[in-house]
Amino acid sequence: MTVTVFTNPNNPQCEATEQELSKLGVRYVAVDLTQNPSTLEQIKNAGFKQIPVVISPNSSWSGHRPDLIRQLAQSIAA
């Protein structure tokens with residue numbers, strides 16, 4: 001399963017999301033939006049209004065959402 005986290009360096013919500021994913025053993029690919037301006041525009045055009053943006057095959061959300069991170073980790077473990 002591919003999980004992508006769109007982040008911005010030095011953002012506390014991004015850091016917390018990445019730490020929680022790692023702690024729960026969820027493998028993910030981080031995309032630094034400051035290095036990918038066109039991707040940032042795509043994220044905005046998709047309706048996301050805050051970072052981080054987490055996208056997995058079955059769900060997507062923005063912001064630091066520990067509840068959804070746990071659900072994602074449980075679905076991967078199942």
Scanning the stretch 2-17 for residues that are in contact with a Ser or Thr (Cβ under 7 Å, 6 or more places away or on another chain) and part of a helix (DSSP H, G or I) gives CYS14
Of the conditions (1) open to solvent by 80 Å² or more (accessible area, probe 1.4 Å); (2) in contact with a Phe, Trp or Tyr (Cβ under 9 Å, 6 or more places away or on another chain); (3) within 12 Å of ILE69 (Cβ to Cβ), the single one that GLN19 does not satisfy is (2)
Based on what the data block shows, is GLU20 of a type outside the set (Val, Ile, Thr), closer than 24 Å to GLN74 by Cα and in contact with a helix residue (DSSP H, G or I) (Cβ under 6 Å, 6 or more places away or on another chain)?
-> yes
Filter result for the condition that a residue is more than 16 Å from PRO66 (Cα to Cα) and surrounded by 15 or more Cβ atoms within 10 Å (Cβ to Cβ), over LEU40, LEU24 | LEU40
Is it the case that the stretch 44-57 has a residue that's assigned to a helix (DSSP H, G or I) and surrounded by 15 or more Cβ atoms within 10 Å (Cβ to Cβ)?
-> no
For residues that are part of a loop (DSSP other than H, G, I, E, B) and among the small types (Gly, Ala, Ser), tally how many sit in the stretch 25-43.
-> 1
Mind listing whichever residues of the stretch 1-12 are more than 17 Å from LEU72 (Cα to Cα) and surrounded by fewer than 18 Cβ atoms within 10 Å (Cβ to Cβ)?
-> ASN8, PRO9, ASN10, ASN11, PRO12
So which of SER22, SER75 is among the polar types (S, T, N, Q), at pLDDT 95 or above and in a helix (DSSP H, G or I)?
-> SER22
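The values are calculated or read from the model by the stated rules, or taken from the named source; none is laboratory data. Fair warning: this is a prediction, and the values are worked out from it, not measured in the lab. Ideal geometry is used to build each Cβ from the backbone, glycine not excepted, and the neighbour counts take in all protein chains shown. All accessible areas refer to the heavy atoms of the entire protein, side chains included, with ligands and DNA or RNA removed. Shrake-Rupley method; radii C 1.70, N 1.55, O 1.52, S 1.80 Å.
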